[in-house]
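One structure is given here, and the rest of the page talks about it.
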Amino acid sequence: MKNANPVLALALLAVWAALVGCGRGNSGETAPPVPKGAAEFFPIGVGGRTARLQLAVRLPEMQRGLMERRDLGPDDGMIFVYERPQRLSFWMRNTPTPLDIGFFRADGTLAEIYPLHPFDETPVASRAEDLQFAVEVKQGWFREHGVRPGAKLELDALRAALRARGFDPRRHGL
């Protein structure tokens with residue numbers, strides 16, 4: 001490379017340095033994992049049974065819920081995670097799949113279960129005012145799995161799922 005262009009040589013050196021810099025550093029540390037998206041399913045125990053739940057944490061995710069979904073598997077659903085206990089109310093706008101909703105207290109105890117009917121915009125409100133989580137699954141799931149009020153939500157799995165999505169579980173009472 002006796003007659004190599006010095007500008008080209010510098011450009012190649014810069015590209016090489018950038019590529020080396022994208023790998024592991026000398027300390028052996030790797031970049032933090034990229035948070036998983038809202039479409040990701042997480043295995044979370046509900047009353048001793050495992051459901052595959054998507055997390056609805058941000059307001060747009062909660063507002064969208066399971067609208068227009070026809071592709072839920074037999075153990076698939078969504079968990080709505082609130083920052084503080086409150087009274088909850090849901091409807092089925094643009095939702096073609098019949099669902100059940102379970103309302104859970106902050107300690108993970110299932111308090112109430114209600115059926116939700118396709119496209120029904122009548123609000124289904126909780127009686128209790130101290131609820132922090134809601135789980136929507138295909139209609140009949142709670143009954144078929146023997147999950148009744150008093151059953152527990154696996155909070156450790158929920159914490160791990162929140163972390164995987166990039167959220168601080170403490171912000172959601174966990």
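The values are calculated or read from the model by the stated rules, or taken from the named source; none is laboratory data. Keep in mind that what you see is a predicted model, and the values were worked out from it rather than measured. Here the Cβ positions follow ideal geometry from the backbone for every residue, glycine too, while neighbour counts run over all protein chains shown.
Suppose the filter is of a type in the set (Asp, Glu) and crowded, with 18+ Cβ neighbours inside 10 Å; does ASP120 pass it? No; evaluated as a whole, the condition is false for this residue. Return the residues of region 88-106 that are part of a strand (DSSP E or B), farther than 16 Å from VAL46 by Cβ and free of Cβ contacts under 8 Å to residues at least 40 places away in the same chain; say none if nothing qualifies. SER89 - this is the single residue of region 88-106 that is part of a strand (DSSP E or B), farther than 16 Å from VAL46 by Cβ and free of Cβ contacts under 8 Å to residues at least 40 places away in the same chain.
Residues PRO85, PRO74: which one is loosely packed, with under 13 Cβ neighbours inside 10 Å and modelled with pLDDT of 95 or more? None of the others qualify; the one that does is PRO74.
In the condition set (1) farther than 26 Å from ALA39 by Cβ; (2) of a type in the set (A, V, I, L, M, F, W, C); (3) not in a loop (DSSP other than H, G, I, E, B), ALA128 is compliant with all but (3).
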